[in-house]
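The values are calculated or read from the model by the stated rules, or taken from the named source; none is laboratory data. Note that the coordinates shown come from a computational prediction; the quantities given were computed from them, not determined experimentally. All Cβ positions, glycine included, derive from the backbone under ideal geometry; neighbour counts span all protein chains shown.
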Amino acid sequence: MIKIYPLEEAKQGILKRKPIYQDSYSPATIARTESFFGEGVMPHQAVMQILKSIDEDGDKAIQKWNATLDGFNIPNFGIAKDELQAAWERIPARLQEVLRKSAERICQFHENQPIASWLTGEMGGQIGQRFTPVERVGVYVPGGTAPLPSSLLMSVIPAQVAGVKDIVVCTPPNPQDSILAAAYICGVDEIYQVGGAQAIAAMAFGTESIPRADKIVGAGNLFVTLAKQQLYGLVGFDGLAGPTETMVIADADANPVWVAADLLAQAEHDVQASAILLTTDAALAKKVQIEVAEQTKKLSREKIIEASLENKSGIVVVETLAEIAKLANDYAAEHLCLAVRDPEGLMNQINNAGGFFLGEHSFEALGDYVAGPSHVMPTGGTARFASPLNLLDFVKISSVIALDPQTAAELSPIAADFADTEGLTAHANASKIRMRNA
């Protein structure tokens, strides 16, 4: 059952952000980690072991972790292109239609994002910015306890719209046909059966089979996120997208059945997922608590939901929406669902969220699949400074400087004086030589 917390207890518990390596790992997560890596080994330490082994041993280490963690003993972990087409032909016609419609809306949304190189002659000569696509992108697609073809579409399509030509996908072994079919309709040529932290390491370091990526994107579980954190700087990343989280803000007018359903939709992802309700109405809080218990009994991932609700989820009753807005802004949720009378007005009081879902008809599950924006969003409070996956994640900006002689002559004395102030005489000399020639 989901717990109703007093506000002060919630501030010190479910609403308090911690570094991911210090976070409260669920008992199930700790037990699974220790079963593979030894007693006392925490998830961030296990990830360190995986990254080191793949850096040193490449494909051999991938095969080891595939066998150890996923029971996959086949040495060749690549998937041939004709297998993707075969998977597409095997799935039902309705699923083909679903994948096509989702792909169309994701593409249409991202084609509306303005990105263009520019130059201006108003500063003497030409000054501007040049946008170029990242050359090689690695995409991680979750596929463990829940295969997510939606994540493939949400990550690959924005990269393609941005102009990335070389895209490789990694997903856990024995992917379902739905993931392979999604890869097929996107035109993905390279897909490998490698999951978790080992997939991130393979794309970051490069191995005999998997060339190194310039940037890696895609949502993932705790181990994927820890791997991204530890490898940051060696390769580019979209951000820390996982474990998933949602915060619902509801007033007395909200439908408790719908609110409960939306909380459960996040809780079923992962035992480390969090689903939090902030409400001004104590009666609604109790109704939602009862609904969560009733609906959970009917769901296939009941055990995962129960662990998630026990670990990092809860309901908090707060006196005013103004106070809730401050709490939500500090928490900076991945998904912020506003089930209130005036959702737009409340949104305008909050700066920090991966995505705003305005009103009960714009529920988060639609955003996961078919609304249009990528569902790869910042988690762990990183929405304070990070954005959902978008075209800017797949391009680089280069500054373009082409000054005319007159402007260069006018600026050289300024540069020389600046350099002298900093004690950088070679910089000053480069400017003074130009001044003499001028």
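Residues checked against (1) surrounded by fewer than 19 Cβ atoms within 10 Å (Cβ to Cβ); (2) not in a strand (DSSP E or B):
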residue: 204; (1), (2): no, yes
residue: 207; (1), (2): no, yes
residue: 212; (1), (2): yes, yes
residue: 216; (1), (2): no, no
residue: 239; (1), (2): no, yes
residue: 246; (1), (2): no, no
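Only one of the numbered conditions (1) on the phi > 0 side of the Ramachandran plot; (2) touching a residue at least 60 places away in the same chain (Cβ under 8 Å) is not met by residue 410, and that is (1).
Listed here are the residues, each with its yes/no results for (1) assigned by TED's automatic domain parsing to the domain that holds residue 176; (2) in a loop (DSSP other than H, G, I, E, B); (3) out of contact with any helix residue (DSSP H, G or I) (no Cβ under 8 Å at 6 or more places or on another chain).
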{"site": "100", "(1), (2), (3)": "yes, no, no"}
{"site": "109", "(1), (2), (3)": "yes, no, yes"}
{"site": "116", "(1), (2), (3)": "yes, yes, yes"}
{"site": "119", "(1), (2), (3)": "yes, no, yes"}
{"site": "128", "(1), (2), (3)": "yes, no, yes"}
{"site": "143", "(1), (2), (3)": "yes, yes, no"}
{"site": "152", "(1), (2), (3)": "yes, no, no"}
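For the range 154-196, the candidate set comprises residues that are farther than 30 Å from residue 68 by Cβ and among the aliphatic types (A, V, I, L, M); within that set, the residue that is surrounded by the fewest Cβ atoms within 10 Å (Cβ to Cβ) is 185.
Residues of the range 279-325 that are assigned to a loop (DSSP other than H, G, I, E, B) and closer than 16 Å to residue 261 by Cα: 297, 298, 299, 300, 301, 313. When each of 47, 41, 139, 134 is tested for being of a type in the set (A, V, I, L, M), surrounded by fewer than 19 Cβ atoms within 10 Å (Cβ to Cβ) and not assigned by TED's automatic domain parsing to the domain that holds residue 412, the lone residue that passes is 41. Which residue pairs have Cβ atoms closer than 7 Å, lie 6 or more positions apart in sequence or on different chains, and pair a first residue in the range 40-53 that is assigned to a helix (DSSP H, G or I) with a second residue that is buried (at least 21 other Cβ atoms within 10 Å of the Cβ) and among the hydroxyl-bearing types (Ser, Thr, Tyr)? Short answer, once both residue conditions are applied: 43/29; 43/33; 46/33. Checked against the criterion of being of a type in the set (D, E, K, R), outside the structural domain of residue 133 (by TED's automatic domain parsing) and part of a loop (DSSP other than H, G, I, E, B), the candidates 253, 262 yield just one match: 253. For the range 265-278, the set of residues classified as out of contact with any His (no Cβ under 8 Å at 6 or more places or on another chain) and either closer than 22 Å to residue 329 by Cβ or assigned to a helix (DSSP H, G or I) (or both) consists of 265, 267, 273, 274, 275, 276, 277, 278, listed by residue number. Inside the range 257-280, residues that are under 11 Å from residue 315 (Cβ atoms) and not hydrophobic (A, V, I, L, M, F, W, C) make up a count of 1.
Listed here are the residues, each with its yes/no results for (1) on the phi > 0 side of the Ramachandran plot; (2) surrounded by 14 or more Cβ atoms within 10 Å (Cβ to Cβ); (3) in the same structural domain as residue 325 (by TED's automatic domain parsing).
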| residue | (1), (2), (3) |
| --- | --- |
| 14 | no, yes, yes |
| 28 | no, yes, no |
| 76 | no, no, no |
| 89 | no, no, no |
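The single condition from (1) more than 30 Å from residue 259 (Cα to Cα); (2) in contact (Cβ under 8 Å) with a residue 12 or more places away in the chain that residue 433 fails is (2). Selection of the range 343-398 for residues being surrounded by fewer than 19 Cβ atoms within 10 Å (Cβ to Cβ) and at positive phi yields 359, 372.
Going by the conditions given, is residue 277 more than 30 Å from residue 224 (Cα to Cα) and touching a strand residue (DSSP E or B) at 6+ places or on another chain (Cβ under 7 Å)? Considered against the rule, which asks whether it is more than 30 Å from residue 224 (Cα to Cα) and touching a strand residue (DSSP E or B) at 6+ places or on another chain (Cβ under 7 Å), residue 277 comes out as no.
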